[in-house]
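Okay, structure first, notes after.
The values are calculated or read from the model by the stated rules, or taken from the named source; none is laboratory data. This structure is a prediction, so every number in the text was calculated from the model and none was measured. Positions of Cβ are backbone-derived with ideal geometry, glycine not excepted, and every protein chain shown enters the neighbour counts. These accessible areas exclude ligands, DNA and RNA; they are computed on the full protein's heavy atoms, side chains included. Shrake-Rupley method; radii C 1.70, N 1.55, O 1.52, S 1.80 Å.
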Amino acid sequence: MAKLSGVDYFSADDLLFEDEKLVRETVRTFVDSEILPIIVKHNREGSFPQNIVPKMAELGILGPTLPAKYGCAEMNNVAYGLIMQELERGDSSIRSFASVMSALVMYPIFKFGSEEQKDFWLPKLAKGEKIGCFGLTEPDYGSNPGGMVTKAERVDGGFLLNGAKMWITNGTIADIAIVWAKLNGIVNGFIIEKGFAGFTAPEMRGKQSLRASVTSELIFNNVFVPEKNLLPDGAGLKSPLMCLNQARYGIAWGVVGSMMSCYDSALEYAKSRKQFSKPIAAYQLTQKKLVEMLTEITKSQLLNIQLGRLKDGGKLRFQQVSLAKRNNCEIALDIARSAREILGANGILDEYPVMRHAANLESVKTYEGTHEMHTLIIGEDITGFTAFDN
Amino acid sequence: MKIAVCVSHVPDTATRIKIAADQKSIDPAGVSFVLNPYDEYAVEEALKTKEKFGGEVVVLSVGGDRVKETIRKSLAMGVDEGVHLKTDEALDSFAIAQALADEIKSLGSELVFMGKQSVDYDSGMVGQLTAELLSFNSISVCVTFNLDGNTITAEREIEGGKEIVETSLPCIITAQKGLNEPRYASLKGIMAAKKKVIQEKPVASTPALVENLQLKMPTAKNPGRILGTDSSAVPELVKLLHEEAKVI
């Protein structure tokens, strides 16, 4: 496939600073040379390319917004978004790995952890020496995490943890899990280390989506957790929800990468595929599809840049993140489907990235808050009425 | 040792180029520009040389404000400081070489790296012209570079093979693909580059020796050729792939 120079119909690049563009170029080149050549194989096999983790770490992709004293790049959130966009242009699985590391493991340690926890874990995670995962969702509690049944009980010198988590990205390969459990009825965060007696993380098999990502269950059977592994400032359900908000922000950006990949494939294919007397790009029905794709990509790009500027200015509301995550995931899936139509039968082959993105986006639309839950979050914000069942 | 590396800011090879209304330049609208790929090898070799022997690396680029992006990218890869030789005119190779030579002289640098050519205008002359203006030695189209004391040994790519040559400092090396594997500008490198200094200096006017009259788009590609339908066509195919298509 020809090298992508990026879709930018509205000169949105003019809204980016020089360093933000450089970050995008670095990650774009990384994806072209390290991800695209291997992703089809891993998607077929259902395996995560773990050998890319040290390379991602070397570039500074893990926890890029955190302070330099932890070995991080201390970049702004627009740069972070562009990283997510470029990674997802490669594959949502790779972006998911980086999202989980940055937004769901390093962020909660940074935000809710003790100085000792930050000093110990953040540099190791930034270097990719340790991999993390995040355990909130349970088999029976997805959109309603507050109902979780995983429990921590205080015992001498620490806590005893019992319960199970599900749909955990990186679970089986993780060295640590940030696990949310109720302690005296209040949700609290714990750092659970691989090797703690009674803790297992079997991989979930049979996924037709995010196949190049590891998804696992986390099972806690009387796991003793030392006192020092409690996140001291993480009490309350709002803490994991703050983490999810970080992750959703990254997803809003990430899916634009998959949109660009699908659009680019469809455009190139349409220009070269001849049916009847001319390339299919010369027929009105194809042009309409391509124009609608481009229009939505352009809108999402502009939405994201302003979302990032609001976040960097400390003015971002979580409902705005919901709007962007909700819209962009829906649109990305629409674009993947339109692209598949333009590619005809070829669209189902993994020679083209379209079907892989389409399958991945089914997960992305659902995780970190389903499309429906984000609708209700925004609905509540604009009407003042809660449509959630209490 | 002060090592200079000269870079140019060129349209990304993936970008579709349009000729501007004047018929002499590229319409920059919608074109993304990058660090010239051959200059990336030059930056990498300069950084490797510094890592081996110490000293500092200074990046030079001639052009309008836009070239600062490429200077910044070089700084993000690890170059220590930048000099922007500013001009809004489209200079010919000689004028560019003159501007670079003047600055290299004032820097006191005796080892200079640059790409063998820029992928925009492809004249491939600036390295040798600059060396001549400075009375430096030069080795072009290098695929290996080795510095030992004052002596440089390098391999050059020539038609169908390689040539091993030796010279001494001061010298200009022009880089060919294969010289090294350029490093990424890491995120930390990008952040560090924000604090590095880019000096801006106006370019003294040098009359052009070559005038660009007109740019033309290439003619459309020839259709495919069928060389034969059985194994007897293989030798001819291999020959053409090697000599004409240059892919094997």
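Laid out as a table, the results:
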{"quantity": "Enumeration of residues in segment B:18-36 that are surrounded by 14 or more Cβ atoms within 10 Å (Cβ to Cβ) and of a type in the set (A, V, I, L, M)", "calculated": "B:I19, B:I26, B:V31, B:V34, B:L35"}
{"quantity": "Positions within segment A:46-58 being at negative phi and open to solvent by 10 Å² or more (accessible area, probe 1.4 Å), in sequence order", "calculated": "A:S47, A:F48, A:Q50, A:N51, A:P54, A:K55, A:A57, A:E58"}
{"quantity": "Number of positions in segment B:100-124 that are outside any loop (DSSP other than H, G, I, E, B) and over 23 Å from B:Q176 (Cα atoms)", "calculated": "5"}
{"quantity": "All positions within segment A:9-20 that are under 23 Å from the mean Cα position of the chain (by Cα) and either modelled with pLDDT of 95 or more or open to solvent by 50 Å² or more (accessible area, probe 1.4 Å) (or both)", "calculated": "A:L16, A:E20"}
{"quantity": "Any hit, segment A:107-123, residues being open to solvent by 10 Å² or more (accessible area, probe 1.4 Å), within 14 Å of another protein chain (Cβ to nearest Cβ) and within 22 Å of B:S186 (Cα to Cα)", "calculated": "yes"}
{"quantity": "Segment B:108-124, subset crowded, with 16+ Cβ neighbours inside 10 Å, over 9 Å from the mean Cα position of the chain (by Cα) and at pLDDT 95 or above, residue nearest to B:E181 (Cα to Cα)", "calculated": "B:V112"}
{"quantity": "Residue check, B:E51 more than 16 Å from A:E25 (Cα to Cα), touching a residue at least 60 places away in the same chain (Cβ under 8 Å) and more than 10 Å from chain A (Cβ to nearest Cβ)", "calculated": "no"}
{"quantity": "Flag for A:E74 being open to solvent by 50 Å² or more (accessible area, probe 1.4 Å), touching an Asp or Glu at 6+ places or on another chain (Cβ under 9 Å), within 8 Å of another protein chain (Cβ to nearest Cβ) and acidic (D, E)", "calculated": "no"}
{"quantity": "Count - residues of segment A:181-199 that are touching a Pro at 6+ places or on another chain (Cβ under 7 Å) and more than 16 Å from A:M106 (Cβ to Cβ)", "calculated": "1"}
{"quantity": "Those strands (runs of 3 or more DSSP E) lying entirely in segment A:117-218 with at least 1 residues of a type outside the set (G, A, S) and under 22 Å from A:L62 (Cβ atoms)", "calculated": "A:132-135, A:158-169, A:176-183, A:186-193"}
{"quantity": "Residue list for segment B:157-182, restricted to those being open to solvent by less than 50 Å² (accessible area, probe 1.4 Å) and within 14 Å of chain A (Cβ to nearest Cβ)", "calculated": "B:P182"}
{"quantity": "Residue list for segment B:1-40, restricted to those being touching a His at 6+ places or on another chain (Cβ under 8 Å) and part of a loop (DSSP other than H, G, I, E, B)", "calculated": "B:N36"}
{"quantity": "Residue among B:A185, B:A131, B:A154 that is assigned to a helix (DSSP H, G or I) and either within 14 Å of chain A (Cβ to nearest Cβ) or free of Cβ contacts under 8 Å to residues at least 60 places away in the same chain (or both)", "calculated": "B:A131"}
{"quantity": "Scope segment A:25-41; condition surrounded by fewer than 20 Cβ atoms within 10 Å (Cβ to Cβ) and more than 9 Å from chain B (Cβ to nearest Cβ); matching residues", "calculated": "A:D32, A:S33, A:E34, A:L36, A:P37, A:I38, A:V40, A:K41"}
{"quantity": "Flag for B:D80 being farther than 13 Å from B:D39 by Cα, of a type outside the set (S, T, Y) and out of contact with any strand residue (DSSP E or B) (no Cβ under 7 Å at 6 or more places or on another chain)", "calculated": "no"}
{"quantity": "Cβ pairs under 6 Å, 6+ apart, first in segment B:61-82 and closer than 16 Å to B:S186 by Cβ and within 12 Å of another protein chain (Cβ to nearest Cβ), second aliphatic (A, V, I, L, M) and not in a helix (DSSP H, G or I)", "calculated": "B:K73/B:L35; B:K73/B:A185; B:S74/B:V7; B:S74/B:V59; B:A76/B:A185; B:M77/B:A185"}
{"quantity": "In segment B:194-238, the residues that are over 21 Å from the mean Cα position of the chain (by Cα), small (G, A, S) and under 22 Å from B:I104 (Cα atoms)", "calculated": "B:A204, B:S205"}
{"quantity": "Some residue of segment A:51-66 being in contact (Cβ under 8 Å) with a residue 40 or more places away in the chain, more than 21 Å from A:M260 (Cβ to Cβ), within 11 Å of another protein chain (Cβ to nearest Cβ) and of a type in the set (S, T, N, Q)", "calculated": "no"}
